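The values are calculated or read from the model by the stated rules, or taken from the named source; none is laboratory data. Only a predicted model underlies this, so the values are computations on that prediction, with no experimental measurement involved. Methodologically, a virtual Cβ is constructed for each residue, glycine included, from the backbone with ideal geometry; neighbour enumeration extends over all protein chains shown. For accessibility, only protein heavy atoms count, side chains too; no ligands or nucleic acids. Shrake-Rupley method; radii C 1.70, N 1.55, O 1.52, S 1.80 Å.
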Amino acid sequence: MAVSPQTRSTLTEISALLSENRIQDADSKTRELISRLSSSELTLASSDIEAQIARFMNQRRRELGLLLKSRHDRLASGATSSESEVVVRRPLSLLDTGEPLSLRIRHQLHHLAFNFIFKWAPNYRDVLKLTLSRSIEELPPTGALEIQVADIGEEFASHSIDIFQRGYIYQTSRGLSRDVAEIKSISGVQSFLDLLVSLYLETRPKIENAAQANALWGVTSAAIGGVLRGYGRAEFGEVPGWSLLQKHPASWLPPIGFCRGTELMALFEEFPDTLSETNLQLVLGAAALAIERMAHSFHGRETLLPRLSRMSINRPERLDVTYSAKRGALNQDLLVSCFWRGVIEGPAAIRTAQGVRAAVIVARLGPENQAWVESESIAGVIDASGFRAEQQQIHHLSELVLSRLEAVSLSGEADHDPAAISHNFASDFPLDDPDFRRQFLIERHSVKKLLQDFEGNTGIHLWCSVRRSGKTTAAQELAGVGGASLVVSQTMDRQPRQPIQNIFSRRIRDAFETGRDLSDDFFIDVVRECTLATTASDASDARIVFIIDEYESLFGLIDSNVRDDKGLKYKVALPLLSQMVDFATRHLLIFMGQRPDAFLILAADSQLAPLVKQKSFPLFEHRQNAPSTEFTQLLSRVLSDKLPFDSPFANAVFIETGGHPYLTVNLMEDFNDWLIENKYRMGVLSLSAENFTNFEKDRLGQAALKRSSFYSFFSGQMSQYLSEAARADEPWLSAVALTLKAIANKHPKTFTCSISSFETLVAPIASDARQPLGRLLTTATQANFLKDKDGQVSPGIRILARLAASAAMVIN
Amino acid sequence: MDYSPSRIVELVRAVPWRPDARLRLFWVRCPQGSRDDLATALKISIGSESVVPIVLRSAAFGNANAVLSDVLELFEANRAALEALAESAPDQLTVLVLARDEFRLVQASSPITLPAWFPICAGKDTSFLISDLAHTAEVKPVNCPETRLAHVAELVFRLEEALVDALGQIERSDPIRLVGVVQVLMPSADIDVAGAVAALRQFEAHIAASTSEPRAYRPNAADGSKFLGARMLRLTLNSSPKQLANTAANLASGFNDNGTRVLKQPFFGIFWRPAAPMAERVVNWHSILAGYFEAYQLINAASHAGDFPAFPVALQYAHSLDLRRFLHEATEHVRGLHDHHSAEFCTAVRYDES
């Protein structure tokens, strides 16, 4: 019960064919898709298929629409069901409009709970995505929105109690310690909430009017509130869920920024009194109520919806929620900043909130701040200190917030010319904030497809890619996914915030520290422990895909331990490697990292090295002219809805970054800065390829890049790879960086050369680094540093080659 | 090099922050002594500044891919000290890692996510470079006590004193040879025995005048100065490398250096080498001229606030070590020439006669 990566890629292809006016091809692909899909997949993909059908012209649109409908009807009557899933009873379809939406949702959630528990992606994701799109289509015209919303909230609440309680009991009964089970449980609720938020954010740009906005916001709030209420009501070994929530506020606070005031009040009503140590109910409740009331004054094509919710964990803790208010041509951001814990003393904290351009700051102010705000008549700071956390008082406080919001909103209209760009929207993308970044996750079908391609494979695979390619995120998203296999991911990097990602690394370190003979089933035991902790599943007979992220550190650790202790080599290192080899005869082991040669240690004594097969890891996928691809989704998250762009623009950016997410953000920050410098006017036209070309001339030349501050991470990495120390210690990275630099210097316009001129250019580099030239090309291509296509070699990520050519020299 | 706590603080302040950086980490190598004591002393001298010393105990930092990950473990192990800073909400934080060994890794690891309790950028992905404090902190020679200037002065004085003593020996044993040596030192004058002896008396008078305060000795090259060091400096200042080698050859003969003991050159000396190869005994005297000149320039640089650029402390210290090593060895060498005078002198005479 999920949309397969193949279906996603077919849909992308259809959309590209339509953009290229290849109607006949698009038509036949669509027909083929409709007849191929199973009932549940067809249902889940229906809104996406419909969206493509709507782009055809009259005749074809009608025909394809009818085809889709008749296929639905036929499958529903069970005539030609190709359903292969084991289902006790087919759940009521979300498309079955004869029944209330809340009832259909109940059936779907029930089905998920029993067949796909905790499989947030793709199963939960696909079902919930369709749920949201049904909500905005069905609920507004019925007039029964609020009743349905309340029911839907309760469905989510009972679902949440059910799955989290069951998961906890299952795990502890399998021997998982209570601490780990608790962490697992709270991170489960976080994943569920994040999923809801990311689906909301994906749907928001499609909202066209106030009624749809109301439905989307209402159902999202109900779902988020419901999941939390359910979790709170659940018991985890005599500990109520409420206490766990209280202990880990960071995992659920940002999502509640997307809730309407009404749902928040209902949630806080149930929250036990102990939480009143915080001002959540008062401060956040009042702010959310004010916004909800303000939204009531948006009609017709006007919309007011939450856009971002960000928590600052530096004390004093603050939640910043940004709302996007659209009225005609005016597209205004309203930021509401809530200090939700303690009394705020000293103006520094308030100034920080002002620094993020908050329209309203709500806080309990200390006497010093009260005096300061009063004497200097600081606008936009609402003092909550005279209020108590009870219905009436919260409403009074919300009045104050509302009047301030209205004042700001009005002044925004009269203020300055809203069309002149003055803000760097790309720099809002939280590159350095992993918590906030969860709201910006793009589903990576390409990575899932890669995994699916190896369904049933055993052995050792190596996935390498440039740093910050999204490998770690992808690995963590993959966990649990997969048809017949269980995907378990672990990292060798220390993750004190996610201890269950470090179980493997801790056991390995312990093994070297104790230095005793490794037991025969050490590796498989550790894998079992990780499986239980990360996937909540029993690993006894399933095929396991075990992913080790930052694998270079694993081999670095082995190497440094055996270098000066021969005993450890025979007691720990070699047995470990041979157990890994043995594991790989029945399962799939995946090493993930940047450099493809780190496993080449103890080569003379171990069977491991010859078994390792490198596979190429996909960056964000893009197909020319397709309006919606992984890459365009990323790009629109980065540029926000303030800066729409056309397909040629996306293509041009893709040529530069190859779909590398981090560098795409860096590049767009630079681009946005350039737009500001050139007084670009927003809201007139979409960004075009011409804009990008002009930017490229001004900002991406070697001289300009040398001075640029937008690429500091990769520019620094390149400097390190190009240094003398790297030549000796990291020969592969050094050779690759020198290669990129050589191509950029030799072909500064096209960044492309024929295989033969590549060989001439790079032969001295390869021989200096003792890397066979052919192997260097293959491994670097698979790791996205180079691209080898149609006899032409170019950098996999052009901007990285530019950075290699302009990196400052490090002398070490 | 052992730093005092206050010196470490000075050096940290001497390194400018990179733009936009909020966290940085310096590697401070402490090969000897108690690092705990140093850390404690540092805490006291830093006071409320946001600089935190951490003693590195685990066998971390052996793996380029895990550099920042190892940093994270170090932070966890020193949580109490770091967390205590949160109160003061610092804008920028400098962490000092007190380590036994040098740091030498390519820094190519993934960024790390700082823990939620961290006083700066909590919960944020961060990437930064670890730099060796001694290599990074640059100071002008005048502000670099690590050059141990007084010791340089003393050693350069001892070398000059040894040379003058050697000339005294020559005067007593072979006044004609003294004429030769003084002629080399005063190329523009026409020297006879009386002139050579008069010059030597001036050399001796200068040594006698400075002997009470050798650690404050400051050679100069002023035109009117008539002491031995000034004459050597003027020779060096006015010579090409080739001319300097010729002068060295003449001095080697004049001092009867037969090259049985070979002095290791000062590092600076190798940059003065002429194109043609030099005999070992010539290298000895070439080194003495270059080393004396090197000490003179260093004393100049370290005594003037202006005119001189800032250099890494480690470089200045290493330079001073090498120079002092040489000055000491050169002094021993010159003393050796006349301590074994009788035996070697006879050999030398025979050698000359043949």
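Can you name every residue in segment A:785-808 that is over 16 Å from residue A:744 (Cα atoms) and not basic (Lys, Arg)? Break it down into steps so the answer makes sense when it comes.
Within segment A:785-808, the first condition is being over 16 Å from residue A:744 (Cα atoms), and the residues that meet it are A:789-791.
Result: A:790, A:791.
Could you pull out the residue among A:102, A:93 that is in a loop (DSSP other than H, G, I, E, B) and either of a type in the set (Gly, Ala, Ser) or under 20 Å from the mean Cα position of the chain (by Cα) (or both)? Don't jump to the end; show me each part of the working.
Values: A:102 fails: in a loop (DSSP other than H, G, I, E, B).
A:93 is the lone residue from the list that is in a loop (DSSP other than H, G, I, E, B) and either of a type in the set (Gly, Ala, Ser) or under 20 Å from the mean Cα position of the chain (by Cα) (or both).
Any residue in segment A:753-782 that is among the aromatic types (Phe, Trp, Tyr) sitting within a Cβ distance under 8 Å of a residue that is open to solvent by less than 50 Å² (accessible area, probe 1.4 Å) and at pLDDT 95 or above? List the pairs, counting only those 6 or more apart or interchain.
A:758/A:743; A:758/A:777; A:758/A:793
Across segment A:725-770, what is the number of residues that are open to solvent by less than 10 Å² (accessible area, probe 1.4 Å) and within 14 Å of chain B (Cβ to nearest Cβ)?
Within segment A:725-770, residues that are open to solvent by less than 10 Å² (accessible area, probe 1.4 Å) and within 14 Å of chain B (Cβ to nearest Cβ) number 7.
Do we have any residue at all in segment A:464-476 that's open to solvent by 10 Å² or more (accessible area, probe 1.4 Å), more than 14 Å from chain B (Cβ to nearest Cβ) and assigned to a loop (DSSP other than H, G, I, E, B)?
The answer is no; no qualifying residue exists.
Under the condition of being at pLDDT 95 or above, of a type in the set (A, V, I, L, M, F, W, C) and assigned to a helix (DSSP H, G or I), which residue from segment B:210-230 is surrounded by the fewest Cβ atoms within 10 Å (Cβ to Cβ)?
Among them, the one singled out is B:230.
Looking only at segment A:56-66, filter to residues that are in contact (Cβ under 8 Å) with a residue 12 or more places away in the chain and surrounded by fewer than 16 Cβ atoms within 10 Å (Cβ to Cβ); which one of those is nearest to residue A:36 (Cα to Cα)?
Taking segment A:56-66 and keeping what is in contact (Cβ under 8 Å) with a residue 12 or more places away in the chain, we get A:56-57, A:60, A:64-65.
Narrowing the set further to residues that are surrounded by fewer than 16 Cβ atoms within 10 Å (Cβ to Cβ) leaves A:57, A:65.
Values: A:57: 23, A:65: 16 Å.
Checking each candidate, the answer is A:65.
Conditions (1) open to solvent by less than 70 Å² (accessible area, probe 1.4 Å); (2) of a type in the set (D, E, K, R); (3) touching a Gly at 6+ places or on another chain (Cβ under 6 Å); (4) within 24 Å of residue A:347 (Cα to Cα), marked per residue:
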| residue | (1), (2), (3), (4) |
| --- | --- |
| A:368 | no, yes, no, yes |
| A:373 | yes, no, no, yes |
| A:380 | yes, no, no, yes |
| A:384 | yes, no, no, yes |
| A:388 | no, yes, no, yes |
| A:394 | yes, no, yes, no |
| A:400 | no, no, no, yes |
| A:408 | yes, no, no, yes |
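Search segment A:225-249 for residues being hydrophobic (A, V, I, L, M, F, W, C) and under 20 Å from residue A:313 (Cβ atoms), and hand back the single one that is surrounded by the fewest Cβ atoms within 10 Å (Cβ to Cβ).
Within segment A:225-249, the subset hydrophobic (A, V, I, L, M, F, W, C) is A:227-228, A:234, A:236, A:239, A:242, A:244-245.
Keeping just the survivors that are under 20 Å from residue A:313 (Cβ atoms) gives A:228, A:244-245.
Details: A:228: 28, A:244: 22, A:245: 20.
Residue satisfying both the conditions and the ranking: A:245.
Looking only at segment A:289-334, which residues are within 14 Å of another protein chain (Cβ to nearest Cβ) and not in a strand (DSSP E or B)?
Once the filter is applied, which keeps residues that are within 14 Å of another protein chain (Cβ to nearest Cβ) and not in a strand (DSSP E or B), segment A:289-334 yields A:313, A:314, A:315, A:316, A:317.
Residues are listed down the side, and each one gets a yes or a no for (1) touching a strand residue (DSSP E or B) at 6+ places or on another chain (Cβ under 6 Å); (2) open to solvent by 20 Å² or more (accessible area, probe 1.4 Å); (3) of a type in the set (A, V, I, L, M, F, W, C):
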residue: B:232; (1), (2), (3): no, no, yes
residue: B:239; (1), (2), (3): no, yes, no
residue: B:243; (1), (2), (3): no, yes, no
residue: B:269; (1), (2), (3): no, no, no
residue: B:273; (1), (2), (3): no, yes, no
residue: B:294; (1), (2), (3): no, no, no
residue: B:301; (1), (2), (3): no, no, yes
residue: B:304; (1), (2), (3): no, yes, no
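Would you mind stating whether residue A:547 is within 22 Å of the chain's Cα centre (by Cα) and more than 14 Å from chain B (Cβ to nearest Cβ)? Walk me through how you get there before you give the answer.
Details: within 22 Å of the chain's Cα centre (by Cα): yes; more than 14 Å from chain B (Cβ to nearest Cβ): yes.
When the stated conditions are applied, residue A:547 passes them.
So which pairs qualify, if the first residue must be in segment A:31-48 and in contact (Cβ under 8 Å) with a residue 24 or more places away in the chain and under 15 Å from residue A:61 (Cα atoms), the second must be in a helix (DSSP H, G or I) and of a type in the set (D, E, K, R), the Cβ gap must be under 6 Å, and the two must be at least 6 apart or on different chains?
Qualifying pairs under 6 Å: A:34/A:71.
Which of the residues that make up segment A:494-512 are open to solvent by 40 Å² or more (accessible area, probe 1.4 Å) and out of contact with any helix residue (DSSP H, G or I) (no Cβ under 9 Å at 6 or more places or on another chain)?
Passing the criteria: only A:510.
Looking at segment B:89-107, which of its residues are farther than 16 Å from residue B:35 by Cα and open to solvent by 80 Å² or more (accessible area, probe 1.4 Å)? Break it down stepwise before answering.
Initial filter on segment B:89-107 (farther than 16 Å from residue B:35 by Cα): B:89-94, B:103-107.
Selection gives B:91, B:104.
So which residues in segment A:481-512 are within 11 Å of chain B (Cβ to nearest Cβ) and assigned to a strand (DSSP E or B), if there are any at all? I'd like the intermediate steps shown before the answer.
Here is the first cut: in segment A:481-512, the ones within 11 Å of chain B (Cβ to nearest Cβ) are A:491-498, A:502, A:505, A:509, A:512.
Within segment A:481-512, A:491 is the sole residue that qualifies.
Which of (1) within 30 Å of residue A:164 (Cβ to Cβ); (2) open to solvent by less than 20 Å² (accessible area, probe 1.4 Å) does residue A:598 not meet, given it meets every other one?
That leaves (1) as the condition not met.
Looking at A:742, A:737, which is the one that is part of a helix (DSSP H, G or I) and over 33 Å from the mean Cα position of the chain (by Cα)?
On the way: A:737 fails: over 33 Å from the mean Cα position of the chain (by Cα).
Being part of a helix (DSSP H, G or I) and over 33 Å from the mean Cα position of the chain (by Cα) holds for just one of A:742, A:737, which is A:742.
Looking at residue A:557, is it of a type in the set (A, V, I, L, M, F, W, C), within 14 Å of chain B (Cβ to nearest Cβ) and outside any loop (DSSP other than H, G, I, E, B)?
For residue A:557, the condition - of a type in the set (A, V, I, L, M, F, W, C), within 14 Å of chain B (Cβ to nearest Cβ) and outside any loop (DSSP other than H, G, I, E, B) - is met.
Do you know which residues across segment A:704-724 are polar (S, T, N, Q) and facing another protein chain (nearest Cβ under 10 Å)?
Within segment A:704-724, the first condition is being polar (S, T, N, Q), and the residues that meet it are A:708-709, A:712, A:715, A:717, A:719-720, A:723.
Residues satisfying the conditions are A:709, A:712, A:717, A:719, A:720, A:723.
When you look at residue A:630, is it open to solvent by less than 30 Å² (accessible area, probe 1.4 Å) and within 29 Å of the chain's Cα centre (by Cα), yes or no? Before you say what the answer is, go through the steps one by one.
On the way: open to solvent by less than 30 Å² (accessible area, probe 1.4 Å): yes; within 29 Å of the chain's Cα centre (by Cα): yes.
In short, yes.
Restricting to segment B:147-204, give me the number of residues that are open to solvent by 30 Å² or more (accessible area, probe 1.4 Å), within 18 Å of residue B:330 (Cβ to Cβ) and over 31 Å from the mean Cα position of the chain (by Cα).
Residues that pass the stated criteria total 1.
Results for (1) over 25 Å from residue B:332 (Cα atoms); (2) in contact with a Lys or Arg (Cβ under 7 Å, 6 or more places away or on another chain), shown as yes or no for each residue.
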{"residue": "B:270", "(1), (2)": "no, no"}
{"residue": "B:276", "(1), (2)": "yes, no"}
{"residue": "B:284", "(1), (2)": "no, no"}
{"residue": "B:287", "(1), (2)": "no, no"}
{"residue": "B:294", "(1), (2)": "no, no"}
{"residue": "B:299", "(1), (2)": "no, yes"}
{"residue": "B:302", "(1), (2)": "yes, no"}
{"residue": "B:310", "(1), (2)": "yes, yes"}
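Please state which one of B:72, B:56 is in contact (Cβ under 8 Å) with a residue 12 or more places away in the chain, surrounded by 18 or more Cβ atoms within 10 Å (Cβ to Cβ) and more than 10 Å from chain A (Cβ to nearest Cβ).
B:56 is the lone residue from the list that is in contact (Cβ under 8 Å) with a residue 12 or more places away in the chain, surrounded by 18 or more Cβ atoms within 10 Å (Cβ to Cβ) and more than 10 Å from chain A (Cβ to nearest Cβ).
Kindly check whether there is at least one residue in segment A:736-748 that is among the aliphatic types (A, V, I, L, M) and more than 25 Å from residue A:654 (Cβ to Cβ). Explain how you work it out, then say what you get.
Here is the first cut: in segment A:736-748, the ones among the aliphatic types (A, V, I, L, M) are A:736-738, A:740, A:742-744.
Now restrict to residues that are more than 25 Å from residue A:654 (Cβ to Cβ): A:738.
Yes - at least one qualifying residue is present in segment A:736-748.
In segment B:245-267, which residue that is open to solvent by less than 70 Å² (accessible area, probe 1.4 Å) and outside any helix (DSSP H, G or I) is nearest to residue B:323 (Cα to Cα)? Explain how you work it out, then say what you get.
Going through segment B:245-267, the residues open to solvent by less than 70 Å² (accessible area, probe 1.4 Å) turn out to be B:245, B:247-249, B:251-257, B:259, B:263, B:265-266.
In the following step, the residues that additionally are outside any helix (DSSP H, G or I) were identified as B:255-257, B:259, B:263, B:265-266.
Numbers: B:255: 22, B:256: 24, B:257: 22, B:259: 21, B:263: 13, B:265: 9, B:266: 6 Å.
Within segment B:245-267, the match that is nearest to residue B:323 (Cα to Cα) is B:266.
Which numbered condition trips up residue A:527, out of (1) within 14 Å of chain B (Cβ to nearest Cβ); (2) touching a helix residue (DSSP H, G or I) at 6+ places or on another chain (Cβ under 9 Å)?
Only one criterion in (1) within 14 Å of chain B (Cβ to nearest Cβ); (2) touching a helix residue (DSSP H, G or I) at 6+ places or on another chain (Cβ under 9 Å) is unmet by residue A:527, namely (1).
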